[in-house]
Amino acid sequence: KGYDVTLVQLCTGTIANFFETTQKPRIDTAGKFDIIAIDRDAIGRHASEAMSLDETGGIPDPITLNFVRDDCSTTDAKVIHGFITASSLKEAVRTEKWKLTRQNLRHFKGKDATSANAAMVKTLDDDHENFHIYNNGLRITCDNMKSLGDDVENGVDVEKWELENAQIVNGGQTSFSIRHYAGSSPLHEVKVGAIIIKETDPDVLRNIAKRSNTQEALDAWDFWADSPE
């Protein structure tokens, strides 16, 4: 008395089908219990997500990203696209760390661990004004997004947006390379392409993560495919 109780029974195969077919109508009629039948793969997925949530420290606090005002579109209630300042991205990743990449299929490998990450650092050092031209940018999902209005960041006109439960589903290497950047280039002048998607449906979120990370791996020789030789 005084408690809400959840009774969970895990079963698979024909037993699960039988249970759902025969017992669910009786439970619904009684009006005292709910029954949800999920398959083995779904159980495994939920367990995996729970462990991932625990290992990364839980759900992130809301983050604020600064969109360069003249280069962003905010007319869609569910999608923002444009360029954010690398400095606001660095601060977000610095504070929330791995919490922001729970749903990313590739965790950060280290700023010098791959040729791509090393190239990002070199671009930041030598050609930071064109970083947004060379870099693929970010795809971020969130539960909710709220405009905090216009502001000025070190002379750059920006529109500040607060993202709730943000997840960098594509662009983890870029985000953490910027987070660990210790060079002399001013990051408030560096633009990073970003698409923010407001979505809470777990199936849609899973598809966004999968499909935005589907690409063929390239080796060093592939980059010479268009050379005269």
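The values are calculated or read from the model by the stated rules, or taken from the named source; none is laboratory data. These numbers were taken from a predicted model, which means no experiment stands behind them. For neighbour counting, all protein chains shown are included, and Cβ atoms are generated from backbone atoms with ideal geometry for every residue, glycine included. SASA here: full protein model, heavy atoms, side chains in, ligands and nucleic acids out. Shrake-Rupley method; radii C 1.70, N 1.55, O 1.52, S 1.80 Å.
Restricted to region 38-60, and to residues that are among the aliphatic types (A, V, I, L, M) and part of a helix (DSSP H, G or I), which residue is most open to solvent (accessible area, probe 1.4 Å)? Step through it out loud before you land on a result.
In the first step, residues of region 38-60 are kept if they are among the aliphatic types (A, V, I, L, M); the result is 38, 42-43, 47, 50-51, 53, 59.
Applying the additional criterion that residues be part of a helix (DSSP H, G or I) yields 42-43, 47, 50-51, 53.
Working: Ala42: 12, Ile43: 49, Ala47: 50, Ala50: 59, Met51: 114, Leu53: 58 Å².
Here the answer is Met51.
Enumerate the pairs (first residue in region 172-193 and in contact (Cβ under 8 Å) with a residue 12 or more places away in the chain and on the phi < 0 side of the Ramachandran plot; second residue anywhere and basic (Lys, Arg) and part of a loop (DSSP other than H, G, I, E, B)) with beta-carbon separation below 7 Å, excluding pairs fewer than 6 apart on the same chain, so at least 6 apart or on different chains.
Within 7 Å, the pairs are Gly172/Arg106; Gln173/Arg106; Gln173/Lys109; Ser177/Lys111; His180/Lys111.
Of all residues in region 126-140 being within 15 Å of Val68 (Cβ to Cβ) and under 18 Å from the mean Cα position of the chain (by Cα), which is most open to solvent (accessible area, probe 1.4 Å)? Outline the logic, then answer.
Let us first name the residues in region 126-140 that are within 15 Å of Val68 (Cβ to Cβ), namely 128-133, 135, 137-138.
Next, from what is left, pick out any that are under 18 Å from the mean Cα position of the chain (by Cα): 135, 137-138.
Numbers: Asn135: 29, Gly137: 4, Leu138: 8 Å².
It comes out as Asn135.
Please go through region 141-159 and give me each residue that is in contact with a helix residue (DSSP H, G or I) (Cβ under 8 Å, 6 or more places away or on another chain) and part of a strand (DSSP E or B), ordered by number.
Answer for region 141-159, where residues must be in contact with a helix residue (DSSP H, G or I) (Cβ under 8 Å, 6 or more places away or on another chain) and part of a strand (DSSP E or B): Thr141, Asp150, Glu153, Val156, Asp157, Val158, Glu159.
Filter region 141-163 down to the residues that are of a type in the set (D, E, K, R), touching a Lys or Arg at 6+ places or on another chain (Cβ under 7 Å) and closer than 30 Å to Val204 by Cβ, then identify the one that is surrounded by the most Cβ atoms within 10 Å (Cβ to Cβ).
Taking region 141-163 as the starting set, the residues that turn out to be of a type in the set (D, E, K, R) are 143, 146, 150-151, 153, 157, 159-160, 162.
From the residues that got through so far, the ones that are touching a Lys or Arg at 6+ places or on another chain (Cβ under 7 Å) too are 150-151, 157, 159, 162.
Next, from what is left, pick out any that are closer than 30 Å to Val204 by Cβ: 159, 162.
Working: Glu159: 20, Glu162: 15.
Only one residue fits best here, namely Glu159.
Out of region 72-96, which residues are among the charged types (D, E, K, R), over 14 Å from the mean Cα position of the chain (by Cα) and crowded, with 16+ Cβ neighbours inside 10 Å?
Within region 72-96, the first condition is being among the charged types (D, E, K, R), and the residues that meet it are 76, 78, 90-91, 94, 96.
Subsequent filtering for residues that are over 14 Å from the mean Cα position of the chain (by Cα) retains 76, 78, 90-91, 94.
Correct list: Lys90, Glu91.
Looking at (1) in a helix (DSSP H, G or I); (2) of a type outside the set (A, V, I, L, M, F, W, C); (3) loosely packed, with under 11 Cβ neighbours inside 10 Å; (4) at pLDDT 75 or above, can you tell me which one Thr14 breaks?
(4)
Test of understanding: among Gly193, Gly172, which residue is modelled with pLDDT under 90 and surrounded by 17 or more Cβ atoms within 10 Å (Cβ to Cβ)?
Details: Gly193 fails: modelled with pLDDT under 90.
Sole residue among the options that is modelled with pLDDT under 90 and surrounded by 17 or more Cβ atoms within 10 Å (Cβ to Cβ): Gly172.
Would you please name the residue that is nearest to Ala77 (Cα to Cα), looking only at residues in region 128-140 that are hydrophobic (A, V, I, L, M, F, W, C) and part of a strand (DSSP E or B)?
Restricting attention to region 128-140, the residues satisfying the condition of being hydrophobic (A, V, I, L, M, F, W, C) are 131, 133, 138, 140.
Then keep just the ones that are part of a strand (DSSP E or B); that gives 138, 140.
Numbers: Leu138: 19, Ile140: 15 Å.
Top of the filtered list is Ile140.
Select from region 168-186 the residues that are touching a Ser or Thr at 6+ places or on another chain (Cβ under 7 Å) and under 12 Å from Ala92 (Cβ atoms) and list them in ascending order.
If the condition is that a residue be touching a Ser or Thr at 6+ places or on another chain (Cβ under 7 Å) and under 12 Å from Ala92 (Cβ atoms), then Ile168 is the only one that fits.
Give the residues of region 196-226 that are hydrophobic (A, V, I, L, M, F, W, C) and either at pLDDT 95 or above or touching a Gly at 6+ places or on another chain (Cβ under 9 Å) (or both), sorted by residue number. Outline the logic, then answer.
Just the residues of region 196-226 that are hydrophobic (A, V, I, L, M, F, W, C), to begin with: 196-197, 204-205, 208-209, 217-218, 220-221, 223-225.
Of everything in region 196-226, those that are hydrophobic (A, V, I, L, M, F, W, C) and either at pLDDT 95 or above or touching a Gly at 6+ places or on another chain (Cβ under 9 Å) (or both) turn out to be Ile196, Ile197.
If we scan region 97-106, do we find a residue that is open to solvent by less than 80 Å² (accessible area, probe 1.4 Å), at pLDDT 85 or above, β-branched (Val, Ile, Thr) and over 23 Å from Thr56 (Cβ atoms)? Give the derivation first.
First, pick out the residues of region 97-106 that are open to solvent by less than 80 Å² (accessible area, probe 1.4 Å): 99-104.
Pick out the ones that are also at pLDDT 85 or above and you get 99-101.
Add one more test, that the residue is β-branched (Val, Ile, Thr), and what stays is 101.
Among the residues that remain, those that are also over 23 Å from Thr56 (Cβ atoms) are: none.
Looking through region 97-106, none of the residues is open to solvent by less than 80 Å² (accessible area, probe 1.4 Å), at pLDDT 85 or above, β-branched (Val, Ile, Thr) and over 23 Å from Thr56 (Cβ atoms).
Looking at Ile63, is it within 21 Å of Thr200 (Cβ to Cβ), at pLDDT below 95 and buried (at least 18 other Cβ atoms within 10 Å of the Cβ)?
Considered against the rule, which asks whether it is within 21 Å of Thr200 (Cβ to Cβ), at pLDDT below 95 and buried (at least 18 other Cβ atoms within 10 Å of the Cβ), Ile63 comes out as no.
Pairs under 9 Å by beta carbon, first residue on the phi < 0 side of the Ramachandran plot and among the acidic types (Asp, Glu) in region 39-56, partner part of a helix (DSSP H, G or I) and surrounded by 13 or more Cβ atoms within 10 Å (Cβ to Cβ), six or more apart or different chains?
From region 39-56, the pairs are Asp39/Ala16; Glu55/Trp98.
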